[in-house]
Amino acid sequence: MTAQLEPGDSLPSADHVLRYVRRKFVDSVLNQIDGNAFLSRPAEHGGPSFNWLEYFDGEAAERIEAIRRLRRLSYERRGRLARLNVGQTREYLRDRAARPVDFIYDPLAEDAERNWLSDRSHAFLSNIPEIDTPEGEAIGDLIAHCVLESWPALAA
Amino acid sequence: MPTIAVVDEARDLEATNTSRGVPQDFGGATLHPGIRARVFELMQDARLTNEPLSQLSLADLTTFLEGTPFTKRPAIFLLDNGNFRAVWKNADNEQAAFQFRGDGVVHCVFFYRRASTKLPLSQETLVDLLPNLRDKYPSFERLLHDGAA
């Protein structure tokens with residue numbers, strides 16, 4: 001773990017986040033992820049959900065595995081986990097869309113009823129339009145430019 | 001920014017889908033085999049997960065693709081609202097993207113490189129009718145072909 005944060009704090013610029021991308025937003029043959037994957041859904045409070053990668057210790061593979069264990073969605077085969085850099089994404093959206101966005105630390109409590117573990121790596125991206133709005137698609141496409149790489153959502 | 005590295009899985013998806021009996025046409029339209037396979041995959045997934053899929057959007061997608069010359073197939077996505085989106089994109093993140101909203105209405109997002117590379121991509125977002133896109137074709141044509149820079 002690189003930093004101790006309080007809920008509501010901004011994630012460190014040098015750190016990274018992962019976003020689960022459903023396979024309908026992944027055209028695997030063309031290696032393309034659609035920007036709509038990064039827009040806010042009505043069920044996502046505050047903004048689209050991400051996991052703070054550096055919350056966990058270890059190599060990238062260990063961190064990703066830790067995030068897989070905490071998932072609250074059913075990951076699909078051929079879904080992806082897309083990695084973005086916090087500071088780059090923030091700057092890119094500010095420069096290209098004059099849109100101040102931020103990755104906000106938002107740890108989730110355990111929900112025993114739904115069998116969900118506590119997720120201390122959870123964050124959301126603020127000031128992102130909801131999906132299916134005219135401005136949304138362009139913003140989503142700009143966020144997609146910030147994807148550094150992606151991994152299969154499900155372990156092999 | 002580095003480009004997306006989606007490197008594994010589904011390399012043979014198009015061939016696999018073809019062997020599973022992907023329909024040869026959608027409403028009489030003859031589509032590029034890769035597009036046909038991708039649309040079929042998205043339709044199957046929507047059916048399995050009981051998610052919306054707009055036949056009106058599909059009809060507009062096929063109409064557009066039939067009437068638009070291209071040599072590089074677009075990426076195809078199915079949005080949460082059931083509409084299809086076709087995206088042509090190059091390595092410089094220039095793009096021509098079209099969400100087919102049905103009844104001939106198309107939501108477009110264009111990113112174009114400017115003469116000065118120091119400036120960010122120019123952005124154009126608009127809602128237009130399918131027939132009007134023909135007039136705009138010259139502005140995005142180069143993104144629809146292999147080797148477009």
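The values are calculated or read from the model by the stated rules, or taken from the named source; none is laboratory data. Predicted model only: the values in this text are computed from it and were never measured. Reconstructed Cβ throughout: ideal geometry from the backbone, glycine too, with neighbour counts over all protein chains shown. With ligands, DNA and RNA removed, areas are computed over all heavy atoms of the protein, side chains included. Shrake-Rupley method; radii C 1.70, N 1.55, O 1.52, S 1.80 Å.
Quick look at the values:
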| quantity | calculated |
| --- | --- |
| Every pair of residues 6+ apart whose Cβ atoms lie under 8 Å, when the first sits in segment B:68-81 and is facing chain A (nearest Cβ under 8 Å) while the second is small (Gly, Ala, Ser) and part of a loop (DSSP other than H, G, I, E, B) | B:Asn81/B:Ser54 |
| Hits in segment A:72-93 (condition: touching a strand residue (DSSP E or B) at 6+ places or on another chain (Cβ under 9 Å), farther than 16 Å from A:Glu54 by Cα and open to solvent by 40 Å² or more (accessible area, probe 1.4 Å)) | A:Arg72, A:Leu73, A:Arg77, A:Arg90 |
| Yes/no for A:Pro48 being closer than 22 Å to B:Phe84 by Cα, within 14 Å of another protein chain (Cβ to nearest Cβ) and open to solvent by 20 Å² or more (accessible area, probe 1.4 Å) | no |
| Exclusive hit being away from every other protein chain (no Cβ under 12 Å) and open to solvent by 60 Å² or more (accessible area, probe 1.4 Å), set A:Leu108, A:Leu125, A:Leu117 | A:Leu117 |
| Pair list, Cβ < 8 Å and 6+ apart or interchain, from segment A:61-77 residues that are within 12 Å of A:Leu18 (Cβ to Cβ) to residues that are among the small types (Gly, Ala, Ser) and buried (at least 17 other Cβ atoms within 10 Å of the Cβ) | A:Ala66/A:Ser121; A:Ile67/A:Ser121; A:Arg68/A:Ala153; A:Leu70/A:Ser121; A:Tyr75/A:Ala153 |
| Criterion violated by A:Glu135 - all others in (1) buried (at least 21 other Cβ atoms within 10 Å of the Cβ); (2) facing chain B (nearest Cβ under 10 Å); (3) not hydroxyl-bearing (Ser, Thr, Tyr) satisfied | (1) |
| Selected residue (criterion: most open to solvent (accessible area, probe 1.4 Å)) from residues of segment A:15-41 that are within 12 Å of chain B (Cβ to nearest Cβ), in a loop (DSSP other than H, G, I, E, B) and touching an Asp or Glu at 6+ places or on another chain (Cβ under 7 Å) | A:Arg22 |
| Counted residues, segment B:85-98 - those being polar (S, T, N, Q), open to solvent by 10 Å² or more (accessible area, probe 1.4 Å) and within 10 Å of chain A (Cβ to nearest Cβ) | 1 |
| One residue from B:Arg73, B:Arg85 being in contact with a Gly (Cβ under 7 Å, 6 or more places away or on another chain) and under 19 Å from A:Leu30 (Cβ atoms) | B:Arg73 |
| Any hit, segment A:44-59, residues being in a helix (DSSP H, G or I) and among the small types (Gly, Ala, Ser) | no |
| The lone exception for B:Leu130 - which of (1) at pLDDT 90 or above; (2) within 12 Å of chain A (Cβ to nearest Cβ); (3) open to solvent by less than 40 Å² (accessible area, probe 1.4 Å) it fails | (2) |
| Selection status of A:Arg96, open to solvent by 40 Å² or more (accessible area, probe 1.4 Å), of a type in the set (Lys, Arg) and within 10 Å of another protein chain (Cβ to nearest Cβ) | yes |
| Segment B:111-129 residues that are within 11 Å of B:Glu94 (Cβ to Cβ), paired with ones that are in a strand (DSSP E or B) and open to solvent by 40 Å² or more (accessible area, probe 1.4 Å) (beta carbon under 7 Å, 6 or more apart) | B:Phe111/B:Gln123 |
| In segment B:99-127, residue surrounded by the fewest Cβ atoms within 10 Å (Cβ to Cβ) [restricted to those that are closer than 14 Å to B:Thr63 by Cβ and more than 10 Å from chain A (Cβ to nearest Cβ)] | B:Asp103 |
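Quick grid of which residues meet (1) over 30 Å from A:Leu84 (Cα atoms); (2) modelled with pLDDT of 95 or more; (3) not polar (S, T, N, Q):
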| residue | (1), (2), (3) |
| --- | --- |
| B:Pro2 | no, no, yes |
| B:Arg20 | yes, no, yes |
| B:Gly27 | yes, no, yes |
| B:Arg38 | no, yes, yes |
| B:Asp60 | yes, yes, yes |
| B:Ala75 | no, yes, yes |
| B:Leu79 | no, yes, yes |
| B:Trp88 | no, yes, yes |
| B:Asp92 | no, no, yes |
